[in-house]
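Chemist: Got a structure for you, written out below as structure tokens; questions coming shortly.
The values are calculated or read from the model by the stated rules, or taken from the named source; none is laboratory data. What you see is a predicted model, and the numbers here were worked out from it, not measured in a lab. Neighbour counts run over all protein chains shown; Cβ positions are idealised from the backbone, glycine included. We work out accessible area using only protein heavy atoms, side chains counted, and drop any ligands, DNA or RNA first. Shrake-Rupley method; radii C 1.70, N 1.55, O 1.52, S 1.80 Å.
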Amino acid sequence: QVQLVESGGGLVQAGGSLRLSCRASGSMFSINPMGWYRQAPGNQRELVATITSGGSTNYADSVKGRFTISRDNSKNTVVLQMNSLKPEDTAVYYCNAEKYAFYYWGKGILVNVSS
């Protein structure tokens, strides 16, 4: 089992920044990749960014150049730095960890970007 706990969401004005953190615990062997997904009201959950244990990253086109994902393997933590936020970034953000093709999810954290 893997447990994921997110922190750092909240309300921010358009153009501002937020930093999301996710701490993983439990059976960390073979966790790869880790990342962030988001779900806006009425929409399906979508990938935001992922990062492998080796540091390879993948971003949704909508966040490229604005969001940066990083990972500290020694602390089992993945961080999403979000800059130049837009109202369309408003969503519940979920931390994700993949292990043997099984997806683990955090409870989610709200990011609300006002115009």
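Chemist: For Lys99, go through the lysines and keep the ones whose alpha-carbon is under 21 Å away, minus same-chain ones fewer than eight residues off.
Modeler: Lys75, Lys107
Chemist: Quick check: residue separation of Ala40 and Thr68 times 0.36 nm, minus the Cα distance between them. What number comes out in nm?
Modeler: Numbers: separation 28, 0.36 × 28 = 10.08 nm, distance 1.99 nm.
Working it through step by step, the gained length comes to 8.1 nm.
Chemist: Right, here's the next one. Take Arg23, Arg71, Arg45, Arg66 and sort them by solvent-accessible surface of the protein heavy atoms, 1.4 Å probe, largest at the top. It would help to have the intermediate numbers written out before the result.
Modeler: Working: Arg23 145, Arg71 55, Arg45 90, Arg66 30 Å².
Listed by decreasing accessible area, they come as Arg23, Arg45, Arg71, Arg66.
Chemist: Compute the distance from the alpha-carbon center of the range 50-115 to that of the range 1-41, in whole Å.
Modeler: About 6 Å separates the Cα centre of the range 50-115 from the one of the range 1-41.
Chemist: Additional query: What number comes out for accessible area per residue over the chain if the probe is 1.4 Å? Units Å², please. Spell out each step's value before the answer.
Modeler: On the way: 6100 Å² over 115 residues.
Heavy-atom SASA per residue in the chain reads 53 Å².
Chemist: For the chain, list log₁₀ I(q)/I(0) at each q in 0.18 Å⁻¹, using the Debye formula over Cα point scatterers of equal strength and ignoring solvent, two decimals each.
Modeler: Evaluating at q = 0.18 Å⁻¹ gives log10 I(q)/I(0) of -0.84.
Chemist: Treating the beta-carbon of each Lys and Arg as +1 and of each Asp and Glu as -1, no other charges, what is the dipole magnitude of the chain about its Cα centre, to the nearest 20 debye? If you can, show how the numbers build up before the last one.
Modeler: Working: 11 positive and 7 negative charges, 35 e Å.
Result for the chain is approximately 160 debye, rounded to the nearest 20.
Chemist: Only Cα pairs under 8 Å and at least 6 apart count here; give the relative contact order of the chain as a rounded whole percent. Intermediate results must be reported in sequence, preceding the final value.
Modeler: On the way: 279 pairs, mean separation 41.5, N = 115.
Relative contact order of the chain: 36 percent.
Chemist: Could you look at the chain and say what percent of its accessible area is carbon and sulfur, using a 1.4 Å probe and all protein chains? Can you show the working numbers first?
Modeler: Working: 2950 of 6100 Å².
The nonpolar share, carbon plus sulfur, comes to 48 percent.
Chemist: OK, next. In the range 5-57, which chymotrypsin sites (Phe, Trp or Tyr not before Pro) are in a loop and have at most 14 other Cβ atoms within 10 Å, using DSSP for the loop call? Mind dumping the intermediate values first?
Modeler: Details: sites: Phe29, Trp36, Tyr37; in loops: Phe29.
Those satisfying the criteria are Phe29.
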